[in-house]
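Read the structure below first, then the notes.
The values are calculated or read from the model by the stated rules, or taken from the named source; none is laboratory data. For clarity, every value in this text was computed on a predicted model and none was experimentally measured. FYI the Cβ positions are ideal-geometry reconstructions off the backbone, even for glycines, and counts take in every protein chain you see. Note: accessible area is taken over every heavy atom of the protein model, side chains too, but ligands, DNA and RNA are not part of it. Shrake-Rupley method; radii C 1.70, N 1.55, O 1.52, S 1.80 Å.
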Amino acid sequence: MPDFIAELLNRNDIFTAWTIMEYWGGLVTTVQLVFLSLVLGLVLAVPLAIMRTSKNPLINGPIWFYTYIFRGTPLLIQLYIIYYGLAQIEGIQQTFWWDIFREAFYPALLAFTLNTAAYTTEIIRGAIVATPSGEIEAAKAYGMSWALRMRRIILPSAARRGVQAYSNEVIFMLHASAIASVVTLVDLTGAARNIYSRFYAPFDAFIFVALLYMALTFLLVFAFRKLENYLLQHQRPVSG
């Protein structure tokens, strides 16, 4: 940070160079955690959603159970179980997994990924089921195989229908990431808590973080609006 900015910030009691860097570190952690969990959750959800539409109960049954568990229990409880429960697995502290999961970031990432994957699975499944039968029949008449229909017709069509619901899930995950601070992870909320405990100024610390969350939310809304316009551009009337 340039010296003149640090000098300007250090003239007040709350927003000093130290607190700004604390907020910046929390912002980076929050963005990393939310981004990675959403990417991993989406990669996991697509094949699960396809399998969830199967009529074979041996295929869709376990996936239904997984989504039911993670959608039916609070994310905070899931985070506690993973963060504190992994350490109770016998022998894990003697394996390389302990080098990974003893850091708070990775149990939080695992909990958020499994949670968002469950919700995203149901979003994609609903969009797949809602595919007009005429599109599928036309693809069959054209001679497309099941895999080709899924890749060229069903999934692109489902993406257009599910983008609005998925945008809500992304925003929910951003807001839900605030609970990561309960397992000692210094995200935005954790940074605000540290600053509050140092200066005893809850309004300054938490209102500033709320504004940062709002800014991130507006960026996500803007990005999804652009994505939705791109996916639905074929529905626009042709101008004369």
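Shown is the FRET efficiency for MET51 and GLU103, computed with R0 = 30 Å from the Cβ-Cβ distance and rounded to the nearest 0.05: 0.40. How would you classify the chain from its alpha-carbon gyration tensor, with a ≥ b ≥ c the square roots of the eigenvalues: rounded for a/c under 1.5, else prolate if a/b is greater than b/c, otherwise oblate? Oblate, since a/c reaches 1.5 and b/c is not below a/b. Per-residue 3J(HN,Hα) values for region 55-61, derived from phi via the Karplus relation 6.51 cos²θ - 1.76 cosθ + 1.60 with θ = phi - 60°, read 7, 7, x, 6, 9, 7, x Hz in sequence order (x marks Gly and Pro).
Here the contact order of the chain, divided by its residue count and restricted to Cα pairs under 8 Å and six or more residues apart, works out to 25 percent. In whole percent, how big is the carbon plus sulfur part of the accessible area of region 28-149, probe 1.4 Å, protein atoms only? After summing per-atom areas, the C and S share lands at 67 percent. Annotation: peptides 95-108, 217-230, ranked by per-residue average of other Cβ atoms within 10 Å with the highest first, follow the order 95-108, 217-230. GNM on the chain, alpha-carbon springs under 10 angstrom: the most fluctuating residue among ALA17, ALA117, ALA138 is ALA138.
Per-residue ellipticity at 222 nm from helix content only, as computed over the chain with -39500 (n - 2.57) for each DSSP H run of at least four residues, stands at -24500 deg cm²/dmol. With θ taken as phi - 60° and the Karplus curve 6.51 cos²θ - 1.76 cosθ + 1.60 applied, the whole-hertz 3J(HN,Hα) list for region 217-228 is 5, 5, 5, 5, 4, 4, 5, 6, 5, 5, 5, 5 Hz, x standing for glycine and proline.
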